[in-house]
């Protein structure tokens, strides 16, 4: 098999298997349409801790422990963990694992981090550098609001195009066997800057990057949207979802009903008053581990394209008037019957 069938996509000959996965979310996410798929729903936004940031670390640590338990693996047996979050210097994930004694590689891909970590974990297994690897990421609404926008006490108004940072985490453990679900292709994303400067319009900033990566994946693999039972982006929200459909339609490609977005799926947009939908590292991570992978195991979908998107901004860049570059990483996950 050609390991690089096109310009960007990597074909994984060994097709690393999904050994286990876990999703932990907060109260608001636990009231949404996907509530029955999550492993744990916390009624306490502090997760028993004394700050939002410590709560985020607690959530990630809990998610990691659940994934290890479900795989019947001792954490010490893992070759390494690829993990990240939204906070400065990725403190949530690093503090969550600081006493684990496991090799840790911290990542920042904004909301695309789950796909980035899962892609790199798959490559580590493909190269024979580990037997089992964990990919994990998460976010917390309150810690993200404090860093990127205003403290909650400020009570700022949100624009209709804005998205709600998900309080949630997802962890996937990959190994060489023991599962019918396999990661077969990884298409790393390129940075695409559409010139959007409004932090409340992240869906518009990220949609062009999703177009670029999905277009590359289809060209490299010779596949099209119809070759997948479902295509999930995350987290474009309602605005970005519709924009991506329009961008593909201009090229004569219809994504159709198989195309869904994690930021749209996780909430009831109208009833839960989240404006354009969910966002954050934990959005696509918790939807992947609480909805997509369980659905594949039940046979709802056999071949899925998971394409997480990220807005590569910081509070500093936003205050300096910089544009918001976007990125999207895509993985093909297939069920072997």
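Answer yes or no as to whether residue 276 is more than 15 Å from residue 208 (Cα to Cα) and at pLDDT below 95.
Answer is yes for this residue.
Please specify each residue of the range 261-274 satisfying the condition of being within 17 Å of residue 114 (Cα to Cα) and touching a strand residue (DSSP E or B) at 6+ places or on another chain (Cβ under 6 Å).
Matches in the range 261-274: 261, 262, 263, 266.
Somewhere in the range 67-80, is a residue within 18 Å of the chain's Cα centre (by Cα), at pLDDT 95 or above, assigned by TED's automatic domain parsing to the domain that holds residue 130 and farther than 11 Å from residue 107 by Cα?
Among the residues of the range 67-80, at least one is within 18 Å of the chain's Cα centre (by Cα), at pLDDT 95 or above, assigned by TED's automatic domain parsing to the domain that holds residue 130 and farther than 11 Å from residue 107 by Cα, which makes the answer yes.
So which helices (runs of 4 or more DSSP H) are wholly in the range 242-298 and hold at least 1 residues that are surrounded by fewer than 17 Cβ atoms within 10 Å (Cβ to Cβ)?
Output list reads 293-298.
Quick one: how many residues across the range 221-241 are surrounded by 19 or more Cβ atoms within 10 Å (Cβ to Cβ) and in a helix (DSSP H, G or I)?
The number of residues fulfilling the criteria is 5.
With the checklist (1) crowded, with 20+ Cβ neighbours inside 10 Å; (2) at pLDDT 95 or above; (3) in a helix (DSSP H, G or I) in hand, flag the one item residue 123 doesn't pass.
(1)
Is it fair to say residue 310 is surrounded by 16 or more Cβ atoms within 10 Å (Cβ to Cβ), touching a helix residue (DSSP H, G or I) at 6+ places or on another chain (Cβ under 6 Å) and not in a helix (DSSP H, G or I)?
yes
If residue 182 satisfies all but one of (1) under 29 Å from residue 134 (Cβ atoms); (2) touching a strand residue (DSSP E or B) at 6+ places or on another chain (Cβ under 7 Å); (3) surrounded by fewer than 19 Cβ atoms within 10 Å (Cβ to Cβ), what's the number of the condition it fails?
Result: residue 182 fails condition (3) only.
Which is free of Cβ contacts under 8 Å to residues at least 40 places away in the same chain and outside the structural domain of residue 118 (by TED's automatic domain parsing), of 237, 252, 280, 310?
252
Can you pull out every residue in the range 143-188 that is out of contact with any helix residue (DSSP H, G or I) (no Cβ under 8 Å at 6 or more places or on another chain), modelled with pLDDT under 80 and not in a loop (DSSP other than H, G, I, E, B)?
153, 154
The values are calculated or read from the model by the stated rules, or taken from the named source; none is laboratory data. Small disclaimer: the values here were computed from a predicted structure and weren't measured. Heads up, the Cβs are rebuilt from the backbone with ideal geometry, glycines too, and the neighbour counts pull from every protein chain shown.
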